[in-house]
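**Student:** Got a structure for you, written out below as structure tokens; questions coming shortly.
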Amino acid sequence: MKNLKMIFFLIPIIISSCNFSKGVKKDLSTGLSASYNGFSIDDIYLAKEELRLNSNIISLGSKINITVTGVNNFAEKNGKVFPGCTIILTDKAGKEILNLPDAFADMVNGTTAAEAKTLLATLTTGDPMVAGETYHLKTRFFDKNKKENEIIADIDLLVK
């Protein structure tokens, strides 16, 4: 009987933890590090033209993405989800070159949870960036309906 009581005690704990995820990921080839809270994700990586990169060395004038796949656990409102994305780029001294509070601000009507399973934070390199310098890119994907749900990614980019 004592074991039966223990099983009933554990069931609510297991059930209540099913919709919550927290973790970290690190891509050793590019140095991209990510943490996530509230969301669950399959993968996060640095990409160029939908191709996964295996280095953090990028060309000036190129377009790169921080790509997150398998994103789940958005809070739905009227069948829609509302992702947000902050993009911050700093130079090696920590001076902000770009601070975009929400790259998805124009998505005022939301999107479906299926469409939000893959999120992209896009950066086009160029002026005032300089070849031969290192820059720090930080992105934060978030749920506009549940602010504590977030995915934070950081990477140092070497521009050639």
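The values are calculated or read from the model by the stated rules, or taken from the named source; none is laboratory data. What you see is a predicted model, and the numbers here were worked out from it, not measured in a lab. Every residue, glycine among them, receives a Cβ derived from its backbone with ideal geometry; neighbour counts consider all protein chains shown.
**Student:** With respect to Val81, is the statement that it is among the β-branched types (Val, Ile, Thr), at negative phi and surrounded by 19 or more Cβ atoms within 10 Å (Cβ to Cβ) true?
**Tutor:** Values: among the β-branched types (Val, Ile, Thr): yes; at negative phi: yes; surrounded by 19 or more Cβ atoms within 10 Å (Cβ to Cβ): yes.
For Val81, the condition - among the β-branched types (Val, Ile, Thr), at negative phi and surrounded by 19 or more Cβ atoms within 10 Å (Cβ to Cβ) - is met.
**Student:** Here is a further query. Is one or more of the residues making up the stretch 104-127 under 22 Å from Ser35 (Cα atoms), touching a helix residue (DSSP H, G or I) at 6+ places or on another chain (Cβ under 8 Å) and surrounded by 19 or more Cβ atoms within 10 Å (Cβ to Cβ)?
**Tutor:** Let us first name the residues in the stretch 104-127 that are under 22 Å from Ser35 (Cα atoms), namely 104, 113-123.
Then drop every residue that is not touching a helix residue (DSSP H, G or I) at 6+ places or on another chain (Cβ under 8 Å), which leaves none.
No, the conditions are met nowhere in the stretch 104-127.
**Student:** From the list Asn99, Asn65, Asn19, Asn73, pick out the single residue that is at pLDDT 95 or above, of a type outside the set (Phe, Trp, Tyr) and surrounded by fewer than 16 Cβ atoms within 10 Å (Cβ to Cβ). Full working, then the answer.
**Tutor:** Details: Asn65 fails: surrounded by fewer than 16 Cβ atoms within 10 Å (Cβ to Cβ); Asn19 fails: at pLDDT 95 or above; Asn73 fails: surrounded by fewer than 16 Cβ atoms within 10 Å (Cβ to Cβ).
Going through Asn99, Asn65, Asn19, Asn73 in turn, just one is at pLDDT 95 or above, of a type outside the set (Phe, Trp, Tyr) and surrounded by fewer than 16 Cβ atoms within 10 Å (Cβ to Cβ): Asn99.
**Student:** Could I ask something else about it? I want to confirm something. Restricting to the stretch 24-49 and keeping residues that are exposed (fewer than 14 other Cβ atoms within 10 Å of the Cβ) and in contact with a Leu (Cβ under 9 Å, 6 or more places away or on another chain), which single residue is farthest from Met129 (Cα to Cα)?
**Tutor:** Result: Lys26.
**Student:** Which condition breaks for Gly132 when tested against (1) touching a residue at least 40 places away in the same chain (Cβ under 8 Å); (2) not in a strand (DSSP E or B)?
**Tutor:** (1)
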